[in-house]
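Asks: Just dropping this structure here.
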Amino acid sequence: MIEKRDFYINGKWVAPAAANDCNVIDPSTEEVCAVISLGDQADTDAAVAAAKQAFKTWGFSSKAERLELIESIFDIYNRRSEDLAQAMSLEMGAPIDLSRSSQVGAGSWHIKNFIRAFKDFEFDKMLSDRAPNDRLLYEPVGVTALITPWNWPMNQVTLKVVAAAAAGCTMVLKPSEVAPLSSIIWSEIMDEAGTPAGVYNMVNGDGVGVGSQLTSHPDVDMVSFTGSTRAGIAISKAAADTIKRVALELGGKGANILFEDADDKAVKRGVQHMMQNTGQSCNAPSRMLVQSSIYDRVVEEAAEMANKVQVGPASEEGRHIGPVVNELQWNKIQDLIQKGIDEGARLVAGGTGRPDGLNKGYFVKPTVFADVSNDMTIGREEIFGPVLSIMKFETEEEAVEIANDTVYGLTNYIQTQDGTRANRVARQMRSGMVEMNGTSRAAGSPFGGYKQSGNGREGGIMGIEDFLEVKAVSGWSND
C-alpha cells in the first residue's frame, strides 16, 4: 500500500479541505494499492487562486528563467525514472518493461523536444519588413486547467505542464483519479526543480468534481483536456459560459490501410501496434483495411500474430501485454467483443473472458475480428482494448471512403510501396496525423486530430503555441 500524499498548492503540500478518500486499484490483482483524497470546491478554488496570483510574475518571467526551470525538470525527471515507471505499472497496468521504455520514455522525449523548440521560439516578432513598427507579441493565455488521462500518464502530463510553463502560463493539474500515483511523483519533481510558488498546482479529483469545477471556474483562462470524446463535449459546454479557450485531444478509430503491395512486415507491425499498451491508446490502428487480393492471407497472419501475444501481470518483466485499467473498462470491452460476435463479424483470434491461466485481474484476450463493416458497433466505437477489426476493400477510392467514414479523425496509417499513391491517399485522410509504412512522427511533430478527435495540437512548437495569445501592436518604438 502506497502512503497517501496531500495536494500540491502554492508551492506546498497541503491537506485536502475535506475527507473524501478514493481507492486506487492495481488492475493486475484487483486489490487496493493506494488511497488518495479527492478534492472539493475549496481545494479547487485555493489552487486556482494560487495560480492566478503567481501569473502576475510568472506571466512576465524571462525566457531564460523558464528555460532554466524546464531543464531542471528534465534532469530530475530522468533521475526519478524508475519511481515513475513503478508507479505507472502499478496504477494502470503497463508491463514494467513497457513502463520503463515507453511510458517514462515518452515524457522524457517530450521534455527534450520542448527544450529544443523553446530555445528557438520568438515571443516578439516584427510583422514584416514592410511594417517595421508593427509587432506580434506572443503572450501566455493565463491560468490553465490541465486534465490528463490514465492510459499514458506522463506522456500527457509532460505535454501539457511543460508547454504551459514554457509559454508563461500558471496551472492546476488534475490527473486521472484512476492513475494518480505518477502525477504525485511528478509534483515532487516540480517542487524539487524549484518551481515558483503557485506556478504549478496539483489537485486530485474526479471529472464530476474537480474536473467540472475547473472547466467552469471564472478565473481559469484555458482548459487543456485529454480523454474521451463524451467528456470533451461536456467540458466544451461548461467552458462556453466564460468563453475560455479549450484544447481537446480525444478518441480515435484509426484506419490502417494495407494495399496489395504492402511490405512483408506490415501485418505484424499493425497487430503489434494495436496490442501495445493493451490497446489503450487513442491513436491505435484499430481498423485494418485490407485490399481484397491479399485479404485471406492477411486475416490468417493477423490471427496468428494475435495468438502469439502473451498476457501477464504488469509487475513481470518481459514482452507481454498487461491488464486493462479497471473493471469498468474490462466489462465494456467484453460487451463489445460479444456484440461483434452477435452482429456477424468473424472471430479469428481471442474472444470473451480472461486468457487461460489468469482468473484474477482485468486481463483481456488479444482479439481479432474479420469481415467487419463500418455499420457494425465494433467498426464504429472506440473499444480501447486489444481488439482489432479487419475490413476488406477493392479500390483505393473505397479504402479512403471507409477510412473517413467515422466521427473520429486522429491517426490513420498507410502501407504501400507506391510513394505516389501513399502521398495521394494521405492527402485525402480526414485526420490530424498519417503515418506511412511504419515511419513514426519526428520529434516536435504536432499530435492532434480532426472532427470528434479534438482540436488542439500537442508537442513541439505548436504545443507551446496552444498556450499563447497573439497581441498585435502598432507604433512600436525601435529606438
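The values are calculated or read from the model by the stated rules, or taken from the named source; none is laboratory data. Remember, predicted model here, so these are calculated numbers, not experimental data. In this analysis, Cβ positions are derived from the backbone assuming ideal geometry, glycine residues included, and neighbour counts consider all displayed protein chains. Just the protein is used for accessible areas: all its heavy atoms, side chains included, with ligands, DNA and RNA removed. Shrake-Rupley method; radii C 1.70, N 1.55, O 1.52, S 1.80 Å.
Asks: Here's a check for you: in the range 254-271, which residue that is closer than 22 Å to ILE383 by Cβ and touching a helix residue (DSSP H, G or I) at 6+ places or on another chain (Cβ under 7 Å) is surrounded by the fewest Cβ atoms within 10 Å (Cβ to Cβ)?
Replies: Restricting attention to the range 254-271, the residues satisfying the condition of being closer than 22 Å to ILE383 by Cβ are 254-258, 266-271.
Now narrow it down to the ones that are touching a helix residue (DSSP H, G or I) at 6+ places or on another chain (Cβ under 7 Å): 255-258, 267-268, 271.
Numbers: ALA255: 28, ASN256: 28, ILE257: 30, LEU258: 25, VAL267: 25, LYS268: 14, VAL271: 26.
Only one residue tops the list, namely LYS268.
Asks: Could I ask something else about it? Just need a number here: residues in the range 462-479 that are open to solvent by 80 Å² or more (accessible area, probe 1.4 Å) and either of a type in the set (A, V, I, L, M, F, W, C) or under 12 Å from the mean Cα position of the chain (by Cα) (or both). Spell out how you get there, then give the answer.
Replies: Filtering the range 462-479 for residues open to solvent by 80 Å² or more (accessible area, probe 1.4 Å) gives 462, 469-472, 474, 476, 478-479.
With the extra rule that they be either of a type in the set (A, V, I, L, M, F, W, C) or under 12 Å from the mean Cα position of the chain (by Cα) (or both), the set shrinks to 462, 470, 472, 476.
Adding up the residues that qualify gives 4.
Asks: Name, by its number, the condition in (1) part of a loop (DSSP other than H, G, I, E, B); (2) among the aliphatic types (A, V, I, L, M); (3) surrounded by fewer than 24 Cβ atoms within 10 Å (Cβ to Cβ) that does not hold for ALA234.
Replies: (1)
Asks: Please work out which one of (1) farther than 27 Å from GLU382 by Cα; (2) out of contact with any Phe, Trp or Tyr (no Cβ under 8 Å at 6 or more places or on another chain); (3) open to solvent by 10 Å² or more (accessible area, probe 1.4 Å); (4) in contact (Cβ under 8 Å) with a residue 60 or more places away in the chain is the condition PRO218 fails and give its number.
Replies: Among (1) farther than 27 Å from GLU382 by Cα; (2) out of contact with any Phe, Trp or Tyr (no Cβ under 8 Å at 6 or more places or on another chain); (3) open to solvent by 10 Å² or more (accessible area, probe 1.4 Å); (4) in contact (Cβ under 8 Å) with a residue 60 or more places away in the chain, PRO218 violates only (4).
Asks: Further question on the same structure: Determine whether ASP134 is surrounded by fewer than 24 Cβ atoms within 10 Å (Cβ to Cβ), acidic (Asp, Glu) and at pLDDT below 95.
Replies: Working: surrounded by fewer than 24 Cβ atoms within 10 Å (Cβ to Cβ): yes; acidic (Asp, Glu): yes; at pLDDT below 95: no.
No; evaluated as a whole, the condition is false for this residue.
Asks: Does the range 397-420 hold any residues that are open to solvent by 30 Å² or more (accessible area, probe 1.4 Å) and either of a type in the set (Ser, Thr, Tyr) or in contact with a helix residue (DSSP H, G or I) (Cβ under 7 Å, 6 or more places away or on another chain) (or both), and which are they?
Replies: VAL407, TYR408, THR420
Asks: On the basis of being surrounded by 24 or more Cβ atoms within 10 Å (Cβ to Cβ), in a helix (DSSP H, G or I), on the phi < 0 side of the Ramachandran plot and at pLDDT 95 or above, does MET171 make the cut?
Replies: Against the criterion (surrounded by 24 or more Cβ atoms within 10 Å (Cβ to Cβ), in a helix (DSSP H, G or I), on the phi < 0 side of the Ramachandran plot and at pLDDT 95 or above), MET171 does not qualify.
Asks: Just to be sure I understand the filter: pairs with C-beta atoms under 8 Å, separated by 6 or more residues or on different chains, first member in the range 341-355 and surrounded by 14 or more Cβ atoms within 10 Å (Cβ to Cβ), second member of a type in the set (A, V, I, L, M, F, W, C) and modelled with pLDDT under 95. Which pairs pass?
Replies: none
Asks: Which is assigned to a loop (DSSP other than H, G, I, E, B), open to solvent by 10 Å² or more (accessible area, probe 1.4 Å) and under 24 Å from GLU3 (Cβ atoms), of GLU188, GLU177, GLU122?
Replies: On the way: GLU188 fails: assigned to a loop (DSSP other than H, G, I, E, B); GLU122 fails: under 24 Å from GLU3 (Cβ atoms).
Result: GLU177 is the single residue among GLU188, GLU177, GLU122 that is assigned to a loop (DSSP other than H, G, I, E, B), open to solvent by 10 Å² or more (accessible area, probe 1.4 Å) and under 24 Å from GLU3 (Cβ atoms).
Asks: If SER445 satisfies all but one of (1) in the same structural domain as MET305 (by the TED database); (2) within 27 Å of the chain's Cα centre (by Cα); (3) among the hydroxyl-bearing types (Ser, Thr, Tyr), what's the number of the condition it fails?
Replies: Single failed check for SER445: (1).
Asks: In the range 191-215, which residues are among the small types (Gly, Ala, Ser), under 15 Å from CYS22 (Cα atoms) and open to solvent by less than 10 Å² (accessible area, probe 1.4 Å)? Reasoning before the result, please.
Replies: Looking only at the range 191-215, we keep the residues that are among the small types (Gly, Ala, Ser), and these are 193-194, 197-198, 205, 207, 209, 211-212.
Narrowing the set further to residues that are under 15 Å from CYS22 (Cα atoms) leaves 205, 207, 209.
Hit for the range 191-215 is GLY205, nothing else.
Asks: Could you say whether any residue in the range 325-346 is in the same structural domain as ALA262 (by the TED database) and on the phi > 0 side of the Ramachandran plot? Show your work before the answer.
Replies: Going residue by residue through the range 325-346, those that are in the same structural domain as ALA262 (by the TED database) are 325-346.
Keeping just the survivors that are on the phi > 0 side of the Ramachandran plot gives 344.
Yes: one or more hits.
Asks: So, SER315, is that one more than 26 Å from MET433 (Cα to Cα), in contact with a Leu (Cβ under 9 Å, 6 or more places away or on another chain) and open to solvent by 30 Å² or more (accessible area, probe 1.4 Å) or not?
Replies: Working: more than 26 Å from MET433 (Cα to Cα): yes; in contact with a Leu (Cβ under 9 Å, 6 or more places away or on another chain): yes; open to solvent by 30 Å² or more (accessible area, probe 1.4 Å): yes.
Taking the combined requirement at face value, the residue satisfies it.
Asks: Please list, ordered by residue number, the helices (runs of 4 or more DSSP H) wholly in the range 387-479 having 2 or more residues that are more than 30 Å from ILE337 (Cβ to Cβ) and in contact (Cβ under 8 Å) with a residue 24 or more places away in the chain.
Replies: Values: elements: 396-404, 419-428, 460-465.
Of the helices (runs of 4 or more DSSP H) lying wholly inside the range 387-479, those with at least 2 residues that are more than 30 Å from ILE337 (Cβ to Cβ) and in contact (Cβ under 8 Å) with a residue 24 or more places away in the chain span 419-428, 460-465.
Asks: Now a separate question. Is it the case, given these coordinates, that GLN103 is open to solvent by 20 Å² or more (accessible area, probe 1.4 Å), assigned to a helix (DSSP H, G or I) and not charged (D, E, K, R)? Break it down into steps so the answer makes sense when it comes.
Replies: On the way: open to solvent by 20 Å² or more (accessible area, probe 1.4 Å): no; assigned to a helix (DSSP H, G or I): yes; not charged (D, E, K, R): yes.
When the stated conditions are applied, GLN103 does not pass them.
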